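This report refers to the structure that appears directly beneath it.
Nothing in this text is a laboratory measurement; each read-out follows from the coordinates by a stated rule. Source: prediction; values computed, not measured. Neighbour counts run over all protein chains shown; Cβ positions are idealised from the backbone, glycine included.
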Amino acid sequence: MSDASNTWQAGGERRVLIAREQLHRASALLTLLLLILGFSLASPAFFSVNNGLTILLQTSVIGLLGIGLTMVIITGGIDLSVGSVVALSGVVSAMAVKAGLPVVPAMCTGVLAGAACGAFNGFIITRLRIPPFVATLGMMLIARGVALQLTGATPISQLGAGFGRLGNGALFRVVEMQPNGFPRVIFPGIPYPAILLLIVAIAATYLLRRRQIGRHIYATGSNEEAARLSGVNVDWTKMYAYTMSGALAGLAGNVLMSRLVTAQPSEGVMYELDAIAAAVIGGASLSGGVGTISGTMIGAFIIGILRNGLNMSGVSAFIQQIVIGFVVIGAVWIDQVRNRR
Amino acid sequence: MSQHPLVEMINIEKHFGGIRAVDGVSLNVYPGEVVGVLGHNGAGKSCLMRILSGAMLPSGGEIRVNGAPVRFAEPNDARAHGIETIYQTLALANHLDAPSNLFLGRELKTRFGNLDDARMLREARTVLARLNPNFKNLRDPVSSLSGGQRQVIAIARAIYFDTKVLIMDEPTAALGPSETAMVADLIRKLQADGIGIFLVSHDMHDVFELCDRIVVMNKGRVVGAHPIGEVTKDDVLSLIVKGALPDDWTARNLEAAQ
Ligand SMILES: Nc1ncnc2c1ncn2[C@@H]1O[C@H](COP(=O)(O)OP(=O)(O)OP(=O)(O)O)[C@@H](O)[C@H]1O
Ligand SMILES: [Mg+2]
């Protein structure tokens, strides 16, 4: 809150800057609203409570991945491994369930497996000085390979109703028993994945804005050498970001596999690209130092709504790819133009 | 100045492959002393200063603080001994604002460990006002500030904390005349507080105005170390350019006494 008052004290020049800073987010938000409007006109089923909740559910996985990627991208790095880590951690959780662990500890194992992949990325990048692009590309292959090897490339199913609760359950679901004995859903409830996404987004925003590690994440991406000279532990900061990205990919993997109630070792292919796109559409800069969680959330919803809306309007998956490709390029182009002034 | 030096650098070496950027240099500073470090471009001044600030590991030699040998593996080690540096490159994170840069790596926190941005802003406002009363746009990312304002932030960062030795690598390169004068005042004030200062500068006027002693480097070696009263500007220029004093040199202050 003090931020706002200081802003006004600082005078006109600052206000212009703020305006420029917020412009990207505002334009992304506007895009989002236009999409919603357009799809609602195109297909009446789009603008309904049920479809809204479906979108929430579908976006939560990309949203979780996007949050981790935002942290990594702000440090000036990239994480291409998250899609594979999604699969690996889902598989690990399922195997833990099969091994007899209760669902919650089993899922924690999966998240830890994701965090371990992220920590490994961080280790390779900070100790061996391998560029993030290459290091995480390697992990993309390693994690996918491990997931396929562990399962023999066959899905693990029959994980029990408990395993499906995280992905399929909902808060405030209202069901009414009808006289004929069949239940009728009055309100489908807020899906757990959406609630999880909200909690993680708030926590990550807090981390980036109010905690020292967040400040150091921005500083590292802004000018790594300056951060080092100022006494920031740059290597530790990067380790932290990559480990977080891995852990969130692990969480996303659990959400996804729980929704399917099956651990699919081949799930999550190319999810990293959607997540990167979400961050970039939301204003994160691949050269580091810039990015916000709120922006990435808008970006994730733009992608989610685009996918959902195009689906509902009967557009093929191939065309969807093409459209999203252009949206990503367009978003970055707008950003470039804005920075050139 | 009878106490022992605040810091001593003894026989410092720094090699980059075949290049000897710093070649057996010894240097010290006493409390309340300003030591000018001079030399042509690429003479090795910045390397030497970066070694003392922990930003660069020496290939050889020893550093002593208050007579005790130390090893600086990273900038925090040097800072822990009260050695603060204004880097020639300024070392600012462009996307962060002035207070965030001032406190980078040493953020002020609230009781709950959150960043105390309000207090950092207040403190930054006070210390920046000492150097430049016109500094108002504190919350802007420093990339949008002028070169002089950026330099002022770098200076403020070095003097805000408990400083015993201050390394200034061309601190006034981007400053206008009034800011330069303010920095000169600041140096005198810090000197009076007993802080030892290394001043790297190409500006002869500043050097003769502020320094008690000068050390001239040429191609990585020290070619001259003199109390300021002993030499003239021409002598110093000759040291910087030729690496030697003029052939007919005699100490300026002795000359005057004759
Ligand atoms: N990281 C590095 N790698 C290789 N060589 C370096 C490195 N840093 C400095 N040098 C070399 O060491 C020598 C001394 O450089 P230094 O920056 O100390 O010069 P300087 O005296 O500060 O010059 P200036 O007045 O231009 O600031 C130069 O020849 C430079 O090329
Ligand atoms: Mg230099």
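From the alpha carbon centroid of region A:265-341 to that of region B:231-252 is 65 Å. The mean count of C-beta atoms from other chains within 10 Å of the C-beta of residues in A:283-292, rounded to a whole number, is 1.
Both numbers refer to the Cα atoms of region A:219-341; Rg and Dmax are 17.3, 55 Å. Set the Cα radius of gyration of region A:49-340 against 2.2 N^0.38 Å, with N its number of residues, and you get 1.02. Mean Kyte-Doolittle of at least 1.0 plus a Cα span of 27 Å or more along the axis: flag which DSSP H helices in chain A meet both, please. Answer set is A:49-74, A:103-127, A:132-151, A:293-312, A:317-340.
Peptide B:99-108 has a mean of 5 when you count, residue by residue, the C-beta atoms of other protein chains within 10 Å of its C-beta.
For peptide B:80-90, the mean count of partner chain Cβ atoms within 10 Å of a residue's Cβ comes to 1. Based on Cα contacts under 8 Å between residues 6+ apart, chain B shows a relative contact order of 25 percent.
Here chain B was treated as a single set of alpha-carbon atoms; its pair distances binned every 10 Å from 0 give 7, 29, 34, 21, 7, 1, 0 percent. Of all DSSP-defined beta bridges confined to the protein assembly as shown, some 65% are antiparallel rather than parallel.
A convex hull fitted to the Cα coordinates of the protein assembly as shown yields 196 cubic angstrom per residue. Taking packing as the residue-averaged number of other Cβ atoms within 10 angstrom, the listed peptides B:65-76, B:179-190 run from highest to lowest as B:179-190, B:65-76. Taken about its Cα centre, chain A carries a charge dipole of about 360 debye when Lys and Arg each add +1 at the Cβ and Asp and Glu each add -1 at the Cβ. Reported value for region A:152-309: 155 Å³ per residue, from the convex hull of its C-alpha atoms.
Averaging the Cα positions of each part gives two centres, and for region B:1-27 and region A:63-122 these lie 49 Å apart. The packing ranking of peptides A:193-206, B:141-154, A:34-47, highest mean first, is B:141-154, A:193-206, A:34-47, where packing means the average number of other beta carbon atoms within 10 angstrom of each residue. For region B:95-161, the pair-distance distribution built from all alpha carbon pairs, in bins 5 Å wide starting at 0, is 3, 19, 32, 25, 13, 5, 2, 0 percent.
The simple Förster model, with R0 at 51 Å and r as the Cβ-Cβ distance, assigns residue B:219 and residue B:143 a FRET efficiency of 0.90.
Summary value for region B:173-258: 18 percent relative contact order, contacts being C-alpha pairs under 8 angstrom separated by 6+ residues.
When the Cα positions of B:127, A:179, B:200 are compared along the charge dipole of the protein assembly as shown, A:179 comes out farthest toward the positive end, with charges on each C-beta of Lys, Arg, Asp and Glu.
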